[in-house]
Amino acid sequence: FDVLAKIDREAGTKRGREVLGITDDLPIVFYPGQIWHAGKALSEVVKALNEVGLPCHLVASKHGRMGEAPEEDGFWREAEKKFQWDFHPVTDFRYIREIVLASRVVVGMYSSLQNEAAALGVQVISVLYPDQGAAQFALDTGGVMKEFPLVTLGCSEKANNYIKLLFLLKIVVLNRLRNKDPLALRTRQSLVFRLAGHKAERTAGAVLSLL
């Protein structure tokens, strides 16, 4: 994460909106996709954002190996059609960190981009339904970790069902006072991710302490 310490956050935020072709000031919600359950999780995010009812931009990036789960691609395409406002598929990953900085919230399952978002002080929601993201995380980690470390460390909120996901997205998207920390995550994020350069071992130690 040390490379993130060198990022100009203000310039990066501006560049992120430019890359996406967004000229208005509507909130950006970024969904970094994974493989298994990625389409179903996106469907839940779209359903919740539509219910929140405030126009926003939904940016989504597909995992390069999503072809391994073709049924998820069907859920993904259907969710894209159902979103009521502007849907932006990420096609150029050179500026992915700038897109993260431009986002009001990064909402995914347990993507590495959620870790980077937390390190950059961006609001993070981890969609970990017991039979989907949470179950896949347990499978991917061989049962060694009971919880996604970003949640355990207090750097991400956790949505374990649709009601909680809707509640959290309402807090972030309907943030009319422009509070930059509506989910109250930044204190923990700044303590865990100390981006002063050559400090990656701190984060590694924090994660290893959870094993």
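Here, each number is a calculation from the coordinates, and none is a lab measurement. Bear in mind that the values here come from a model prediction, so they are computed numbers and not experimental data. Here the Cβ is made from the backbone with ideal geometry for all residues, glycine too, and neighbour counts use every protein chain on show.
In sequence order, the range 45-53 has phi-based couplings of 5, 4, 4, 5, 5, 4, 6, 4, x Hz under the Karplus curve 6.51 cos²θ - 1.76 cosθ + 1.60, θ = phi - 60°, and Gly or Pro positions carry x. The reciprocal of the average 1/r between distinct C-alpha atoms defines the Kirkwood hydrodynamic radius, which for the chain equals 17.2 Å. For the range 1-98, GluC sites (Glu not before Pro) are listed when DSSP marks them as loop and at most 16 other Cβ atoms sit within 10 Å of their Cβ; the list is empty.
With viscosity 0.890 mPa s and temperature 25 °C, the Kirkwood radius over alpha carbon pairs of the range 1-49 converts through Stokes-Einstein to a diffusion coefficient of 184 µm²/s. Summing Lys and Arg as +1 and Asp and Glu as -1 over all other residues whose Cβ lies under 11 Å from the Cβ of GLY154 gives a net charge of +2. Computed over the range 84-138, the alpha-carbon pair-distance distribution with 10 angstrom bins reads 23, 45, 30, 2, each value a whole percent.
At the listed q of 0.17 Å⁻¹, the Debye profile of the range 81-201, built from one uniform point per Cα, gives log10 I(q)/I(0) equal to -0.96.
The calculated pair-distance distribution of the range 23-114 uses every alpha carbon pair, bins of 10 angstrom beginning at 0, and gives 17, 54, 27, 2 percent.
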